[in-house]
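Okay, structure first, notes after.
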Amino acid sequence: MGETTVKEASPEFRSALVDCIPHLRAFARSLTRNRDRADDLVHDAAVRALAAADQFTPGTNFKAWIFTILRNLYYNEGRKDHSRNVPFDEATVTEHAIPATQEAALEFSDFRRAFWQLGEDHREVLMLVGASGLSYEEAAKICDCAVGTIKSRVSRARQELTKLLSEDALAVSRRDSAPVAQSEPAEVLQSGPIHQPERLR
């Protein structure tokens with residue numbers, strides 16, 4: 001495969017790309033469960049986006065556009081299993097700390113562990129709709145499926161999270177999980193029981 005040629009993009013395009021990097025990183029990590037692989041995926045998506053800058057229609061949703069690029073890269077590479085045997089705290093991110101009470105920290109710790117026990121499709125829709133703020137319609141376009149499918153996946157993901165938390169069926173104990181200060185990006189936190197987005201309630 002030849003090198004992707006990076007074309008000159010407008011300042012507005014580059015600014016939008018920079019703003020999306022934390023969201024892309026969170027989405028990539030929810031797919032790959034591997035920090036290094038996710039960072040590689042974000043880099044590749046950014047390069048592809050810059051190379052295709054002239055294909056983006058100004059005024060449309062940039063985040064949805066570049067999320068589609070990243071997701072296509074991930075699936076086109078055949079879901080390479082870079083996350084096999086990855087310890088739980090290797091699947092977390094060390095970017096944002098959570099200023100919270102001890103009880104809130106414990107609640108988030110439980111949510112984080114439950115989130116990583118969800119299936120790939122469920123983590124994906126929670127990241128897209130719940131954490132990144134995309135509409136059901138935008139998420140459906142990214143995932144190339146019907147809007148009803150996205151709504152159904154969100155509903156099932158919420159039900160599974162509730163079941164895991166209410167039945168204490170978490171695979172990793174609080175003691176063995178990474179500290180809250182080493183948790184996932186803010187995009188994931190907002191989907192938790194402490195700051196749950198309106199769409200997921």
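Between Thr162 and Asp54, the modelled label-to-label distance comes to 5.1 nm, taking each label 7 Å out from Cα in the direction of the beta carbon.
Here the range 3-64 was treated as a single set of alpha-carbon atoms; its pair distances binned every 5 Å from 0 give 4, 19, 27, 23, 17, 8, 2 percent.
Values quoted throughout were computed directly from the atomic coordinates according to the rules given, and no laboratory measurement underlies them. Please read these numbers as outputs of a predicted model, since none were measured by experiment. Note that we place each Cβ from the backbone using ideal geometry, even for glycine, and neighbour counts take in every protein chain shown.
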